[in-house]
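Inspection log for the structure reproduced underneath, given as structure tokens.
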Amino acid sequence: MPTSPSETLPAPASRGPRRLSRDARRTQLIAAATPIVAKDGFSDFSLDEVAARADVTRNLLYHYFPEGRNDIIRAVAEQAGHTLTDGWVTDESIPLAERLATNNARMVAHAMEPSDAWVIYQLARGSTDPELRAAIDRFTDIVISAVSLNNLGTDDPPPLARVALKGYLGFFGTVLDEARETGTPPETLVNLLGETLTAVLDAARRQTGSGK
């Protein structure tokens, strides 16, 4: 009588806990903390819940994040910034309209869910922590440079255009959060944000050209 596959295959060998490199362990802890911080906010998330989700001790958390809560907040905010800004499309071989639509659609998708990265990034934008603010400003500058490269042909926009783009990004985030609450269709947002960006940059060009 033929045997079943489970009868013919040897049982898997039991293994102890897998040892991770320092970088891999830190990445694992950040991944475990991210959804908890997004759910409960910077002030209310539980270190014990993070440790339990990562299947580590609270002491191990402090080994990797000596300042505890503050270090974890900075780490998840840094990761959120990478999640939102890495891979921004600036390839000149792709038509500008397609680049704009792709980048805006990606951000709209994060905001409409909202993703953990979006929630954490928005929380961090309102923080008064100097290190956290510095990280947020760095990622804002990354987006400004990418948007400028796409629309102005340079990753170092003129001062007035930089100011306009920074204001546009604040508007961008506010619009997306409001649209999520009101159920505005994502495709409408992509068009609105694209047209607003064009108008903002056109206004900056005109003001720069007039010498103001």
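The values are calculated or read from the model by the stated rules, or taken from the named source; none is laboratory data. All values reported here derive from a predicted model rather than from experimental measurement. Virtual Cβ from ideal backbone geometry, glycine too; neighbours counted across all protein chains shown. To get the accessible areas, we keep the full protein, side chains included, count just its heavy atoms, and leave off ligands, DNA and RNA. Shrake-Rupley method; radii C 1.70, N 1.55, O 1.52, S 1.80 Å.
General remarks:
- Single residue of segment 110-166 satisfying the filter (open to solvent by less than 30 Å² (accessible area, probe 1.4 Å) and of a type in the set (Val, Ile, Thr)) that is modelled with the lowest pLDDT: Ile136
- Within segment 191-212, if we keep just the residues that are among the aliphatic types (A, V, I, L, M) and open to solvent by 30 Å² or more (accessible area, probe 1.4 Å), the residue that is farthest from the chain's Cα centre (by Cα) turns out to be Ala203.
- Counting only helices (runs of 4 or more DSSP H) wholly contained in segment 50-117, the ones carrying 1 or more residues that are under 20 Å from the mean Cα position of the chain (by Cα) occupy 69-85, 96-112.
- Against the conditions (1) part of a loop (DSSP other than H, G, I, E, B); (2) in contact (Cβ under 8 Å) with a residue 24 or more places away in the chain, Val37 satisfies every one except (1).
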